Amino acid sequence: MQKITIDDKEYEVESLPEEAKAQIFHIQAVDFEINRMNTLIAVMQTAKSAYLQALKAQLDKSKTP
């Protein structure tokens with residue numbers, strides 16, 4: 001059986017009331033979205049870095065006589 005630990009206390013998910021199971025589902029959904037958004041942030045930071053490097057290269061070219 002699946003167990004969940006909250007504040008150092010372990011619970012068997014199947015024995016919890018339906019309302020508690022629903023809250024666990026919502027917490028899992030939120031955790032999934034947080035992880036997805038953190039991945040998206042990492043992708044955006046990588047893209048920003050690449051754009052910045054391209055800009056620097058372009059600026060260096062324009063300085064050259």
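Summary table below
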item: Farthest toward positive dipole pole in the chain [+1 Lys/Arg, -1 Asp/Glu at C-beta], among Ala42, Ile6, Phe32; result: Ala42
item: Portion, in percent, of the accessible area of region 4-65 that falls on carbon or sulfur, probe 1.4 Å; result: 61
item: Simple Cβ-charge dipole of the chain, Lys/Arg +1 and Asp/Glu -1, about Cα centre, in debye nearest 20; result: 960
item: Unit Cα scatterers, Debye sum, the chain: log10 I(q)/I(0) for q = 0.16 Å⁻¹; result: -0.70
item: Residue of Gln23, Gln53, Gln45 that the Gaussian network model of the chain assigns the largest fluctuation, springs spanning Cα pairs under 10 Å; result: Gln53
item: Mean residue ellipticity (222 nm) of the chain, computed from DSSP H runs ≥ 4 via -39,500 (n - 2.57), nearest 500; result: -26500 deg cm²/dmol
item: The chain: angle of helix 18-63 to the longest principal axis, Cα-based, in degrees nearest 10; result: 10
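The values are calculated or read from the model by the stated rules, or taken from the named source; none is laboratory data. Remember, it's a predicted structure, so these values are computed and weren't measured experimentally. We place every Cβ from the backbone using ideal geometry, glycine too, and count neighbours over all the protein chains shown. Protein only, heavy atoms only, side chains kept; ligands, DNA and RNA dropped before computing areas. Shrake-Rupley method; radii C 1.70, N 1.55, O 1.52, S 1.80 Å.
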